[in-house]
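Here the structure is laid out as structure tokens; the discussion comes afterwards.
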Amino acid sequence: MQNTRLNTLIDRTNRQFLQWSENPWRRLSLIIISLLFGNFLASAIATTTGQRTELDAIAAVSLLTIVESISWLTYGTVFGRRQVAPNALFGQRPIWIALLNGLKLGLVYGLFVEAFKLGS
């Protein structure tokens with residue numbers, strides 16, 4: 001790929017974000033934000049599909065596909081393997097895998113909460 005200004009800007013921004021997210025507290029805060037956004041997304045999806053009952057089956061199949069794809073990416077591929085630092089006891093997954101997994105967990109948890117609300 002040609003080294004354009006846009007390409008350089010994107011590479012530099014990505015490198016700065018990865019350096020910024022190496023701090024454990026920042027990484028944890030990003031994962032918690034991802035969990036909360038997944039919970040919000042579940043509530044938004046449940047209320048939207050609840051208004052239009054024709055979308056229930058399509059939404060269920062698409063959410064199942066998304067959740068299983070993220071699980072496969074997180075636990076079944078080379079991308080999801082933990083990268084072990086020289087001085088660390090436990091490895092860490094790449095930040096984008098951890099954020100996707102947090103989003104998935106928040107989404108599933110939010111859908112369970114919505115189901116309990118409908119059942120009571």
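The values are calculated or read from the model by the stated rules, or taken from the named source; none is laboratory data. Owing to the predicted nature of the structure, the values given are computational and were not obtained by experimental measurement. FYI the Cβ positions are ideal-geometry reconstructions off the backbone, even for glycines, and counts take in every protein chain you see.
Side notes on the structure shown:
- Residues that are under 22 Å from residue 115 (Cα atoms), part of a loop (DSSP other than H, G, I, E, B) and either among the aliphatic types (A, V, I, L, M) or at pLDDT below 90 (or both) do occur in the stretch 51-61.
- Selection count, the stretch 9-34, where residues are assigned to a helix (DSSP H, G or I), more than 21 Å from residue 67 (Cα to Cα) and in contact with a helix residue (DSSP H, G or I) (Cβ under 9 Å, 6 or more places away or on another chain): 5
Residues are listed down the side, and each one gets a yes or a no for (1) out of contact with any strand residue (DSSP E or B) (no Cβ under 7 Å at 6 or more places or on another chain); (2) outside any helix (DSSP H, G or I); (3) without any contact (Cβ under 8 Å) to a residue 24 or more places away in the chain:
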position	(1), (2), (3)
36	yes, no, no
43	yes, no, no
64	yes, no, yes
77	yes, yes, yes
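- Number of residues in the stretch 98-120 that are within 12 Å of residue 27 (Cβ to Cβ) and not small (Gly, Ala, Ser): the value is 1.
- Residue list for the stretch 79-103, filter: assigned to a loop (DSSP other than H, G, I, E, B) and either over 18 Å from the mean Cα position of the chain (by Cα) or modelled with pLDDT of 75 or more (or both): 84, 85, 86, 87, 88, 89, 90, 91, 93, 94
- Residue count for the stretch 1-29, restricted to those that are among the β-branched types (Val, Ile, Thr) and surrounded by fewer than 10 Cβ atoms within 10 Å (Cβ to Cβ): 1.
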